[in-house]
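The values are calculated or read from the model by the stated rules, or taken from the named source; none is laboratory data. On a predicted model such as this, the values are computed, not experimentally measured, just so you know. Cβ coordinates were reconstructed from backbone atoms using ideal geometry, including for glycine residues, and neighbour counts include every protein chain displayed. Just so you know, the surface numbers come from the protein's heavy atoms only, side chains and all, with ligands and any DNA or RNA stripped out. Shrake-Rupley method; radii C 1.70, N 1.55, O 1.52, S 1.80 Å.
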Amino acid sequence: MEPNDMIARGAGIAASYRFAGTPGESRLIMVFLGWGMSPEPFVRLAKPGYDVLLLWGYRRREGFAGELSGVAARYKEVVVVAWSFGVVAASYILEGMRTLPVTREVAVNGTPLHIDRRRGIPPAVFNITLKGLSEAAVEKFTARMFANKSELDAFVAAGNSRDFSSVAEELRFFGDLPPYPGSAGWDFAVAGERDLIFPASSQEACWTEAGVPLSVIAGAGHYIDLQRVIDDFVVDKELVATRFSAARDTYRESAPTQRSVAARLWELARPHIPSGALRVLEVGVGDGLLTDLYTPELEIADLALMDIAVVDSGRFPAGARFVRCDAEEAVAGLPAESVDLILSASTLQWFHSPERFVAMAYRALAPGGVMALSFFGEGTYREVAAITGVSLKYPDPSRWKPEGEVLANLKETLTERFPDAAAAARHISRTGVNALRRDRASSVAAARKLMRGLQADADGRVGLTYVSNYLIIRKPI
């Protein structure tokens with residue numbers, strides 16, 4: 001069977017679905033549940049600014065991808081979280097939905113190669129499970145999903161509306177389903193260290209081959225709280241807008257590192273800027289640290305400035321057009337070859353799919369146009385992550401394959417030093433980069449934990465690390 005035939009066959013997968021809560025937001029999280037699941041234990045999954053759609057009960061039926069696309073078509077952004085056998089089901093179903101604005105896909109304790117000797121559940125183990133399937137075996141399987149009894153008890157108390165015959169039929173379906181031929185689309189993977197269903201070593205083998213970053217959660221079993229995954233991997237974009245808007249009066253004097261990064265970006269980009277009157281787009285304009293550098297030096301025919309936050313438009317040159325938007329979404333609507341220069345400093349780390357943004361922005365570049373980007377990467381605020389356990393999922397440009405001529409692609413590490421831990425915490429707040437948790441009680445507790453945990457160096461000062469990536473691309477004439 002050719003891979004394309006396999007995908008076409010797999011596109012016939014269908015599932016039951018329902019919303020967790022009342023829909024009405026402009027963004028969507030699609031949660032593909034695992035084998036034997038029903039929605040009841042997951043109906044409380046939530047994220048501000050997003051609707052949550054639960055999928056379960058997989059079976060064969062043609063046309064389901066189109067039906068699901070119709071449900072999701074009204075959303076301006078779609079994030080996918082798939083768990084267990086939901087990973088292979090999502091791989092097939094999403095193949096028929098590639099016109100949707102899917103910006104991030106996270107696999108949890110599963111692989112597209114769901115039944116595989118090295119990279120999934122070993123076939124012998126699966127066959128033993130299928131052959132010995134009974135109601136008692138299903139109960140035993142459910143118990144083995146959990147690393148601790150309290151989680152199991154809460155799950156069982158939530159109820160499961162699936163009857164044994166439907167669960168058995170679904171397992172036979174997965175046994176007949178070929179492993180998905182590829183891993184395209186998956187951005188991150190999460191594995192439980194103590195997963196007794198999908199061994200963590202098998203997940204590591206699969207995702208290492210695919211080049212997908214894997215996070216292993218110490219002590220976790222096959223069941224991982226999907227709310228935790230959503231909190232960690234789905235950006236609360238409304239919170240980002242709120243926190244950066246609140247920081248607009250303190251950002252400029254509180255962001256020396258961001259100022260240095262903007263200066264370094266312009267230093268790298270300046271020699272490659274096209275001549276003549278330019279149509280310029282800056283993404284994540286913020287307080288104008290980068291804008292102040294390039295506008296005096298360029299002949300600008302049109303200047304468009306985008307940011308998700310409310311900014312002080314009085315800082316910008318006369319005639320500039322400010323567009324408040326999620327630039328990750330807005331760039332997809334730009335006409336092809338409509339911009340000569342695209343600039344962005346210290347912004348893309350907040351996007352779900354920076355790689356997709358780069359591809360869409362490249363499409364908007366005119367021949368001979370240049371795109372100059374800086375963004376923070378893995379290792380940024382490592383001191384904070386080590387203490388709080390909370391961090392952005394930073395982009396890894398080494399995985400990207402950008403179009404065009406790459407004029408610069410480098411990484412630099414900077415350390416900003418403060419007189420004490422309180423000053424470091426104030427810096428985080430005054431620059432808006434604390435837009436990771438909405439709950440105030442949790443935020444206050446995290447800030448206190450941070451101030452207790454940040455250690456001074458030999459000089460008595462506290463450091464925060466920034467890892468800045470720089471990428472400059474030119475579109476051939």
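Which one is most open to solvent (accessible area, probe 1.4 Å), of the residues in region 386-400 that are part of a loop (DSSP other than H, G, I, E, B) and either aromatic (Phe, Trp, Tyr) or within 24 Å of Glu267 (Cα to Cα) (or both)?
Of all residues in region 386-400, those part of a loop (DSSP other than H, G, I, E, B) come to 389-396, 400.
If we keep only those that are either aromatic (Phe, Trp, Tyr) or within 24 Å of Glu267 (Cα to Cα) (or both) too, we end up with 394-396, 400.
Working: Tyr394: 25, Pro395: 15, Asp396: 70, Trp400: 31 Å².
Checking each candidate, the answer is Asp396.
Looking only at region 236-283, count how many residues are open to solvent by 60 Å² or more (accessible area, probe 1.4 Å), modelled with pLDDT under 85 and not aliphatic (A, V, I, L, M).
Looking only at that region, the number is 3.
Does Val216 fit the bill of being open to solvent by less than 50 Å² (accessible area, probe 1.4 Å), touching a residue at least 24 places away in the same chain (Cβ under 8 Å) and among the β-branched types (Val, Ile, Thr)?
no
Six or more apart or on different chains, Cβ atoms under 6 Å: show the pairs whose first residue is in region 451-471 and part of a loop (DSSP other than H, G, I, E, B) and whose second is not aromatic (Phe, Trp, Tyr).
Pairs that qualify, where the first residue is part of a loop (DSSP other than H, G, I, E, B) and the partner is not aromatic (Phe, Trp, Tyr), are Leu454/Ala421; Leu454/Ala424; Leu454/Val462; Arg461/Arg417.
With the condition kept exactly as written, say whether any residue in region 54-65 is open to solvent by less than 10 Å² (accessible area, probe 1.4 Å), at pLDDT 95 or above, more than 21 Å from His222 (Cα to Cα) and touching a Pro at 6+ places or on another chain (Cβ under 9 Å).
Within region 54-65, none of the residues are open to solvent by less than 10 Å² (accessible area, probe 1.4 Å), at pLDDT 95 or above, more than 21 Å from His222 (Cα to Cα) and touching a Pro at 6+ places or on another chain (Cβ under 9 Å).
Out of the helices (runs of 4 or more DSSP H) lying entirely within region 227-339, which hold 1 or more residues that are over 30 Å from Leu53 (Cβ atoms)? Don't jump to the end; show me each part of the working.
Working: elements: 237-246, 251-254, 256-269, 291-294, 327-330.
Correct list: 237-246, 251-254, 256-269, 291-294.
For residues in region 87-137 being among the charged types (D, E, K, R) and in contact (Cβ under 8 Å) with a residue 24 or more places away in the chain, which is most open to solvent (accessible area, probe 1.4 Å)?
Once the filter is applied, the top-ranked residue is Glu135.
For Ala184, work out the one condition from (1) among the aliphatic types (A, V, I, L, M); (2) open to solvent by 50 Å² or more (accessible area, probe 1.4 Å); (3) not in a loop (DSSP other than H, G, I, E, B) it doesn't fulfil.
Among (1) among the aliphatic types (A, V, I, L, M); (2) open to solvent by 50 Å² or more (accessible area, probe 1.4 Å); (3) not in a loop (DSSP other than H, G, I, E, B), Ala184 violates only (3).
If you check every pair at least six apart or on different chains, which have Cβ atoms under 6 Å apart with a residue in region 72-84 that is touching a residue at least 60 places away in the same chain (Cβ under 8 Å) and farther than 19 Å from Leu226 by Cα first and a residue that is open to solvent by less than 10 Å² (accessible area, probe 1.4 Å) and part of a strand (DSSP E or B) second?
Within 6 Å, the pairs are Glu77/Arg27; Glu77/Thr103.
Looking only at residues that are open to solvent by 30 Å² or more (accessible area, probe 1.4 Å) and of a type in the set (A, V, I, L, M) in region 331-345, which one is farthest from the chain's Cα centre (by Cα)?
Ala336
Kindly list, by first and then second residue, each pair from a residue in region 325-339 that is more than 11 Å from Ala361 (Cβ to Cβ) and in contact (Cβ under 8 Å) with a residue 40 or more places away in the chain to a residue that is assigned to a loop (DSSP other than H, G, I, E, B) and open to solvent by 20 Å² or more (accessible area, probe 1.4 Å), limited to pairs with Cβ atoms under 7 Å and residues at least 6 apart or on different chains.
Hits for this filter: Asp326/Ile308; Glu329/Lys76; Glu329/Pro101.
Checking Val370 against (1) of a type in the set (Val, Ile, Thr); (2) modelled with pLDDT of 90 or more; (3) part of a loop (DSSP other than H, G, I, E, B), only one condition comes out false. Which one?
Checking Val370 against (1) of a type in the set (Val, Ile, Thr); (2) modelled with pLDDT of 90 or more; (3) part of a loop (DSSP other than H, G, I, E, B), the one that fails is (3).
Scan region 300-315 and give yes if some residue there is of a type in the set (Gly, Ala, Ser), touching a helix residue (DSSP H, G or I) at 6+ places or on another chain (Cβ under 9 Å) and under 28 Å from Thr242 (Cα atoms), otherwise no.
Narrowing region 300-315 to residues of a type in the set (Gly, Ala, Ser): 301, 304, 309, 313-314.
From what's left, touching a helix residue (DSSP H, G or I) at 6+ places or on another chain (Cβ under 9 Å): 309.
With under 28 Å from Thr242 (Cα atoms) added as a condition, the list becomes 309.
Within region 300-315, one or more residues are of a type in the set (Gly, Ala, Ser), touching a helix residue (DSSP H, G or I) at 6+ places or on another chain (Cβ under 9 Å) and under 28 Å from Thr242 (Cα atoms).
Within the set of pairs 6 or more residues apart or between chains, which connect a residue that is over 18 Å from Arg228 (Cα atoms) inside region 142-166 to a residue that is aliphatic (A, V, I, L, M) and surrounded by 13 or more Cβ atoms within 10 Å (Cβ to Cβ) with Cβ atoms less than 7 Å apart?
Close Cβ pairs satisfying both conditions: Ala143/Leu152; Arg144/Leu196; Arg144/Ile197; Phe164/Val138.
Given (1) at pLDDT below 90; (2) under 27 Å from Glu355 (Cβ atoms); (3) of a type in the set (Asp, Glu), identify the lone condition not met by Asp439.
Among (1) at pLDDT below 90; (2) under 27 Å from Glu355 (Cβ atoms); (3) of a type in the set (Asp, Glu), the lone unmet condition for Asp439 is (2).
When region 14-30 is examined, which residues are found to be closer than 9 Å to Trp56 by Cβ and touching a residue at least 60 places away in the same chain (Cβ under 8 Å)?
Ala15
Identify all residues within region 411-435 that are open to solvent by 50 Å² or more (accessible area, probe 1.4 Å), of a type outside the set (D, E, K, R) and assigned to a strand (DSSP E or B); write none if there are none.
If the condition is that a residue be open to solvent by 50 Å² or more (accessible area, probe 1.4 Å), of a type outside the set (D, E, K, R) and assigned to a strand (DSSP E or B), then Thr413, Thr415 are the ones that fit.
I'm told Leu407 meets every condition in (1) in contact with a His (Cβ under 9 Å, 6 or more places away or on another chain); (2) open to solvent by less than 30 Å² (accessible area, probe 1.4 Å); (3) hydrophobic (A, V, I, L, M, F, W, C) except one. Can you identify the failing condition by its number?
It fails just one condition, (2).
Among the candidates Glu383, Glu378, Glu355, Glu299, which residue alone is of a type outside the set (Lys, Arg), surrounded by fewer than 20 Cβ atoms within 10 Å (Cβ to Cβ) and modelled with pLDDT of 95 or more?
Values: Glu383 fails: modelled with pLDDT of 95 or more; Glu378 fails: modelled with pLDDT of 95 or more; Glu355 fails: modelled with pLDDT of 95 or more.
The conditions single out Glu299.
Here's a check for you: in region 148-176, which residue that is touching a strand residue (DSSP E or B) at 6+ places or on another chain (Cβ under 8 Å) and open to solvent by 30 Å² or more (accessible area, probe 1.4 Å) is nearest to Ala191 (Cα to Cα)? Outline the logic, then answer.
Step one: list which residues in region 148-176 are touching a strand residue (DSSP E or B) at 6+ places or on another chain (Cβ under 8 Å), which gives 162, 166, 169-170, 173-175.
When the remaining residues are screened for being open to solvent by 30 Å² or more (accessible area, probe 1.4 Å), the result is 162, 166, 169, 175.
Values: Arg162: 26, Ser166: 27, Glu169: 27, Gly175: 22 Å.
Checking each candidate, the answer is Gly175.
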